[in-house]
Amino acid sequence: MMVSRLNEWWTGLMKTEMDFKGQEQAEFIFKIILISFGVVGWLAGFFQQDFRLTIFVVLVGLAVSLLVCVPSWPIFRRHPLYFLSSEEIESRH
Amino acid sequence: MQTWGNRGTTIVSYAVTVTAVLAALNMLSGFMFTVSPIAEISNPRVLGWRVHPYLRADQVNITFDFHADMSSLFHWNTKYVYLYVTAEYSSLKWNHSVVLWDRILTKDNATVDLTLSPKYEFTDLTTSAMRGKTVELVPSWMAMPVCGLLRTQSGHGTSFVLRQ
């Protein structure tokens, strides 16, 4: 029972797609995350005089943005597309 | 942006672009630092020389004192500094430049203060090019950047004369 709940959770996250509004939001969110981690990382590296610190901060930002934007979280599925059901298709003929 | 793989690829490539922009800004910020590296060679002494029996060329054994302080070169756009000492002299056909000693300096290891004998053998091409000429020992260094052009500079050297 636990396994089937995990399975359905995994299917929801990785096998279901986001809707279009959600995709737009996800794109905006990852750009903001990467740019802000980039700015913070560059300033940190400049004051420590070490570019490896900058690279490290950008990698952390990459991990955060992958976590937030790659799986299709339910937040990104709030505006689902409306598909006609089979009765409605039949009634249109 | 439909599938998770598509989103993952886009995010990773955007992160690489961000890193490239940061590296370019790094290079631009590197120009505002003033560097003052010191490299001096003094007291060159010829310990002995011979003619290499197989190569039929002169080989000289020398020693010199070397003092270098490259720590001001290490701002954040410098990865390593390659420091080397060459012996330069000119003969009729060529200008010779023989690398005698080199070392790669890192940020923690940025000074050299030694009495050196060469790491590599100081061998001439023939038996005639070096005798009686003034040989100049010149220290040079290459600052290897994180992003940007490789910069080579030379310092002051001394010279000695190889007597016949």
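The values are calculated or read from the model by the stated rules, or taken from the named source; none is laboratory data. Here the structure is a predicted model, which means the values were calculated and not measured. Every residue, glycine among them, receives a Cβ derived from its backbone with ideal geometry; neighbour counts consider all protein chains shown. Accessible surface is based on the protein model in full, side chains and every heavy atom, while ligands, DNA and RNA are left aside. Shrake-Rupley method; radii C 1.70, N 1.55, O 1.52, S 1.80 Å.
Brief remarks on what is shown
- Residue by residue along B:5-14, Cβ atoms of other protein chains within 10 Å of the local Cβ number 5 on average.
- Anisotropy class of the stretch B:1-56 from Cα gyration tensor, a/c 1.5 cut: oblate
- Between A and B, accessible area buried - total, square angstrom, nearest 100, 1.4 angstrom probe: 2300
- Between A:L43 and B:S13, the FRET efficiency from the beta-carbon distance, with R0 = 25 Å, is close to 0.60.
- Chain A shape via C-alpha gyration tensor axes, a/c threshold 1.5: oblate
- Taking a point 7 Å out from the Cα of B:T34 in the direction of its Cβ, the residues of the stretch B:71-90 whose backbone N falls within less than 19 Å of it are B:71-77.
- Exercise: per-residue mean of other protein chain Cβ atoms within 10 Å, B:69-78: 2
- Taken about its Cα centre, the protein assembly as shown carries a charge dipole of roughly 520 debye when the Cβ of each Lys and Arg holds +1 and the Cβ of each Asp and Glu holds -1.
- Straight-line reach from B:K107: taking Cα to Cα under 20 Å and skipping same-chain neighbours fewer than 8 places apart, the lysines in range are B:K79.
- Under the Karplus curve 6.51 cos²θ - 1.76 cosθ + 1.60, θ = phi - 60°, whole-Hz ³J(HN,Hα) for the stretch A:44-60, x wherever Gly or Pro sits: 4, x, 5, 6, 8, 6, 8, 6, 5, 5, 4, 4, 5, 5, 5, 5, 4
- Of all accessible heavy-atom area on chain B, the percent that carbon and sulfur account for (1.4 Å): 56
- Förster-model FRET efficiency, 41 Å R0, B:T63 and B:L25, C-beta, rounded to 0.05: 0.35
- Extending 7 Å from the Cα toward the beta-carbon at both A:S91 and B:N43 defines two label points whose distance is 10.4 nm.
- The phi-based Karplus calculation (6.51 cos²θ - 1.76 cosθ + 1.60; θ = phi - 60°) puts the 3J(HN,Hα) values of the stretch A:2-10 at 4, 5, 6, 5, 4, 4, 6, 5, 5 Hz, whole numbers, x for Gly and Pro.
- Residues A:W10 and A:V60, FRET efficiency given R0 of 22 Å [Cβ-Cβ distance, rounded to 0.05]: 0.30
- Cα centroid separation - the stretch B:1-15 against the stretch A:7-42, whole Å: 9
- Relative contact order (percent, whole number), the stretch B:1-157, Cα cutoff 8 Å, 6+ residue spacing: 26
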